[in-house]
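Asker: Below you will find the structure I want to go over with you.
What follows draws every value from the coordinates through simple rules; no lab data is involved. What you are looking at is a predicted structure, and each value in this text was computed from that prediction instead of being measured. So basically every Cβ, Gly included, is an ideal-geometry build from the backbone, and we count neighbours across all protein chains shown.
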Amino acid sequence: MQKRTRKFLEYRILIIPDTRTGTGKKCFTAYVPVLGIAADGDTVEEARINAEKLVFFHLESLKKEGKQLPLDTEADFITTAKVSV
């Protein structure tokens, strides 16, 4: 029996502080830009985990539909700007 090789893909997740609509409770939103999806969580770690689960679900759905899986090939840089106001 032939051993199946696993393929791993990496996707950038941008996590930002947020507030929940309706309650105003603090939370974190995790965006996956190349897939156009977002998840949230009460903590940074929870938002990251929820985003990873959503990425898996999204990719599985695309595979079942016979669609090509988007690849995250961007090499974005995030920096800050210091300005005098």
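Asker: Out of all the residues in the range 39-58, which are within 17 Å of residue 74 (Cβ to Cβ) and in contact with a Leu (Cβ under 8 Å, 6 or more places away or on another chain)? Full working, then the answer.
Answerer: Kept after step one, since they are within 17 Å of residue 74 (Cβ to Cβ), are these residues of the range 39-58: 51, 55.
Within the range 39-58, just 55 meets the criteria.
Asker: Checking the structure you have, find out if any residue of the range 45-55 is at negative phi, in contact with an Asp or Glu (Cβ under 7 Å, 6 or more places away or on another chain) and not acidic (Asp, Glu).
Answerer: yes
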